[in-house]
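Below you'll find the structure, written out as structure tokens, and then a few comments.
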Amino acid sequence: MPPPDPEIFSLATTVGERLRRQRRWLAVAESCTGGLLGAALTDVPGSSAYFLGGVISYADRVKVEQLLVPEELLRQYGAVSEPVAAAMAVGVRQLLRADIGVSITGVAGPDAEGSKPAGLTFIGIDAPTLPTPASGGGTAHQFQWTGDRWDNRRRSVVAALELLVQVLEH
């Protein structure tokens with residue numbers, strides 16, 4: 001087994017230290033990254049003190065049935081969208097009774113999905129320290145990566161960890 005990616009491991013360690021210090025629990029919902037974020041978090045020794053687990057919701061059915069993403073959001077915006085990413089973060093936070101929920105949904109590539117280009121990614125966060133949008137859920141951030149499938153997935157994990165570091169600063 002290869003050693004963890006140094007950048008990802010450093011970010012995951014920082015996230016873990018902050019979660020542990022704040023006595024908060026994290027849960028993840030992943031689609032295009034297929035568990036890479038959860039793997040990065042659990043590469044850090046002692047992660048069981050702050051990481052509850054996650055849902056790999058690759059299929060829309062799992063987003064609806066497990067994460068309680070409203071079907072209407074999927075119909076209106078598609079799985080790769082800001083509202084769905086936010087709903088996934090809220091859903092996993094509620095499902096696992098975590099303090100913070102983070103989600104990743106995107107088009108890893110190499111091909112576009114309909115009108116959505118390869119590399120388009122949304123990362124959702126739901127945490128009590130975040131201002132609640134008018135829609136009443138988590139927030140989401142949009143990214144457009146330009147790498148190959150692996151690089152797009154890796155960059156999504158890095159971006160999710162960086163967002164968590166920011167959220168945990170408050």
Of the residues in segment 6-27, those that are touching a residue at least 12 places away in the same chain (Cβ under 8 Å), open to solvent by 80 Å² or more (accessible area, probe 1.4 Å) and in a helix (DSSP H, G or I) come to E7, R20
When (1) touching a residue at least 24 places away in the same chain (Cβ under 8 Å); (2) open to solvent by 20 Å² or more (accessible area, probe 1.4 Å) are applied to P3, the one that fails is (1)
Exercise. Answer yes if at least one residue in segment 74-90 is part of a strand (DSSP E or B) and not hydrophobic (A, V, I, L, M, F, W, C), and no otherwise.
Key: no
Among residues of segment 130-143 being open to solvent by 20 Å² or more (accessible area, probe 1.4 Å) and modelled with pLDDT of 70 or more, the residue nearest to L96 (Cα to Cα) is T139
query = Is one or more of the residues making up segment 53-62 more than 12 Å from the chain's Cα centre (by Cα) and crowded, with 17+ Cβ neighbours inside 10 Å?
reply = no
Checked segment 145-160 for anything open to solvent by 90 Å² or more (accessible area, probe 1.4 Å) and under 12 Å from V107 (Cα atoms); matches are T146, D148, R149, W150
If we ask which residues in segment 33-50 are buried (at least 24 other Cβ atoms within 10 Å of the Cβ) and in contact with a strand residue (DSSP E or B) (Cβ under 6 Å, 6 or more places away or on another chain), their number turns out to be 3
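The values are calculated or read from the model by the stated rules, or taken from the named source; none is laboratory data. Quantities reported herein were computed from a predicted structural model and do not represent experimental measurements. Note that each Cβ is placed from the backbone with ideal geometry, even for glycine, and that neighbours are counted across all protein chains shown. Keep in mind that these areas ignore ligands, DNA and RNA; they rest on the heavy atoms of the full protein, side chains included. Shrake-Rupley method; radii C 1.70, N 1.55, O 1.52, S 1.80 Å.
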